[in-house]
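Step one of this worksheet: look at the structure below.
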Amino acid sequence: VAPSADTSTQTDVTYTNNVVAFKLCKAWDANTGTVPSTSFPFTMSATGPAGPNTVPATASLLAGQCTNPVSLRAGTQVTITEGIVPGTKVEAITGAGAQSLGTPSLTTRSVTVTVGTPITSTTAPTNEAIVTFQNEAAAPGTLKICKLAGPVPPVGTVFNFGVSGVAGTT
């Protein structure tokens, strides 16, 4: 490139190396029961500034595992939702490192996190953004089925209901 004395014809080259490693981890609260041997399914999506801003659409993790780190541009927003695993529930959703954790929803088992930069990180590690979903054993629940029949049915009328899911008292 030839040198230029005029800024309107000069050539500028910008290098941007501002990426942070993002990873998702699965934890289990051992105080609530035996660690399940089943995988926990996750869906993820990301939006953000130009540069690396793509995450795997799905992940499946055992308790104690993390996904492989994915390089993301600072400012990328990642939405993560954990699928339902019978007999378990999400106890906590936490973040560490170079990230800003949105308001976690334990009910919908989801959170949106904004990947930060090593410069703005307030917790270690400063070059990673880590989101951890911690589960616990779910207490058994009660299912109550009520039948409103409209006009009075004949005495002895049988109504059948089908229930599917985890084995237990029916």
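The set of residues in segment 71-101 that are of a type in the set (Val, Ile, Thr), over 14 Å from LYS23 (Cβ atoms), part of a strand (DSSP E or B) and open to solvent by less than 20 Å² (accessible area, probe 1.4 Å) comprises VAL90, ILE93.
Among the conditions (1) open to solvent by less than 40 Å² (accessible area, probe 1.4 Å); (2) closer than 16 Å to LEU24 by Cα; (3) modelled with pLDDT under 85; (4) not β-branched (Val, Ile, Thr), ASN127 misses just one, which is (1). Regarding segment 109-117, can at least one residue be identified that is modelled with pLDDT of 90 or more, more than 14 Å from the chain's Cα centre (by Cα) and not aromatic (Phe, Trp, Tyr)? No: segment 109-117 contains no residue that is modelled with pLDDT of 90 or more, more than 14 Å from the chain's Cα centre (by Cα) and not aromatic (Phe, Trp, Tyr). Scanning segment 46-65 for residues that are open to solvent by less than 60 Å² (accessible area, probe 1.4 Å) and either outside any loop (DSSP other than H, G, I, E, B) or at positive phi (or both) yields ALA46, GLY48, GLY51, ALA59, LEU61.
Restricting attention to segment 23-51, the residues that are among the hydrophobic types (A, V, I, L, M, F, W, C) and free of Cβ contacts under 8 Å to residues at least 60 places away in the same chain total 5.
Looking across segment 71-89, the residues that are among the aliphatic types (A, V, I, L, M) and in contact with a Leu (Cβ under 9 Å, 6 or more places away or on another chain) come down to VAL78, ILE80.
The values are calculated or read from the model by the stated rules, or taken from the named source; none is laboratory data. All of these numbers come straight from a predicted model, not from anything done at the bench. With ideal geometry, Cβ positions are generated from the backbone for all residues, glycine too; neighbour counts draw on all protein chains shown. Surface areas here come from the heavy atoms of the whole protein model, side chains and all, with no ligands, DNA or RNA. Shrake-Rupley method; radii C 1.70, N 1.55, O 1.52, S 1.80 Å.
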